[in-house]
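Visitor: Handing you this structure, nothing more for now.
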Amino acid sequence: MVGVIAGHGHGPGGSAGIKGLSPGVKILPLTADKETPEATRYAVDHGADVINMSFVSDSTTPDMCESIHYAVEKGVVVVAGVGNDGTAEKNLPAACPGVIGVGAVDEYGKVWEGSNYNSAVDLLAPGVDVPVLGGKSDSHYGT
């Protein structure tokens with residue numbers, strides 16, 4: 001996701017490689033083991049303006065929605081994928097109040113068959129065959 005968000009290309013004028021949506025953005029990377037409410041609070045307390053949560057959390061994760069409420073109250077935008085099960089199941093963190101839930105579309109702009117669909121979906125974004133750093137993704141993400 002970091003390349004899709006912050007890729008700045010390479011070569012003359014950044015004309016080659018991946019050009020992200022916000023190439024000048026500063027990234028505060030938190031590793032996979034930090035996909036917890038503590039990581040959300042840490043990001044907020046260390047100056048994050050936007051938190052991207054490209055994961056689905058266990059529904060029993062304590063304080064997930066509370067940590068997102070903390071972020072939103074501090075003016076942080078929280079974006080999360082809704083899930084890749086192709087079901088109406090709601091997943092955390094996308095189902096928490098205040099989160100912008102993102103589903104996936106394919107290369108033709110049609111809702112991807114694996115994208116979850118429910119009231120947590122606020123918008124759709126490319127999620128199939130998206131170029132990634134180091135090649136082309138075989139996985140589906142953006143959800």
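Visitor: What are the pairs, 6+ residues apart or on separate chains, where a residue within the stretch 110-121 that is over 22 Å from CYS96 (Cβ atoms) has its Cβ under 6 Å from a residue that is surrounded by 17 or more Cβ atoms within 10 Å (Cβ to Cβ) and of a type in the set (Gly, Ala, Ser)?
Guide: From residues that are over 22 Å from CYS96 (Cβ atoms), the pairs are TRP112/ALA104; TRP112/GLY127.
Visitor: Still on this structure, please answer the following. Filter the stretch 30-44 down to the residues that are charged (D, E, K, R) and modelled with pLDDT of 70 or more and list them by number.
Guide: Result: GLU38, ARG41.
Visitor: State whether the residues of the stretch 14-22 include one that is over 16 Å from the mean Cα position of the chain (by Cα) and part of a helix (DSSP H, G or I).
Guide: Yes, that holds for at least one residue.
Visitor: While we're on this one: Where residues in the stretch 57-100 are of a type in the set (Val, Ile, Thr) and in a strand (DSSP E or B), which of them is farthest from VAL130 (Cα to Cα)?
Guide: Within the stretch 57-100, the match that is farthest from VAL130 (Cα to Cα) is VAL77.
Visitor: Would you point out which residue out of VAL132, VAL82, VAL121, VAL78 is crowded, with 17+ Cβ neighbours inside 10 Å and either basic (Lys, Arg) or modelled with pLDDT under 95 (or both)?
Guide: Exactly one of VAL132, VAL82, VAL121, VAL78 is crowded, with 17+ Cβ neighbours inside 10 Å and either basic (Lys, Arg) or modelled with pLDDT under 95 (or both), namely VAL132.
Visitor: Return the total of residues in the stretch 101-122 being assigned to a loop (DSSP other than H, G, I, E, B), among the small types (Gly, Ala, Ser) and within 18 Å of ILE68 (Cβ to Cβ).
Guide: Result for the stretch 101-122: 2.
Residue-by-condition table, conditions (1) under 22 Å from VAL25 (Cβ atoms); (2) of a type in the set (S, T, N, Q); (3) at pLDDT 95 or above; (4) surrounded by 15 or more Cβ atoms within 10 Å (Cβ to Cβ):
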site	(1), (2), (3), (4)
SER54	yes, yes, no, yes
THR60	no, yes, no, no
CYS65	no, no, yes, yes
ALA88	no, no, yes, no
ALA94	yes, no, yes, yes
GLY114	no, no, yes, yes
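The values are calculated or read from the model by the stated rules, or taken from the named source; none is laboratory data. Treat the numbers as computed from the prediction; the structure is a model and nothing was measured. Methodologically, a virtual Cβ is constructed for each residue, glycine included, from the backbone with ideal geometry; neighbour enumeration extends over all protein chains shown.
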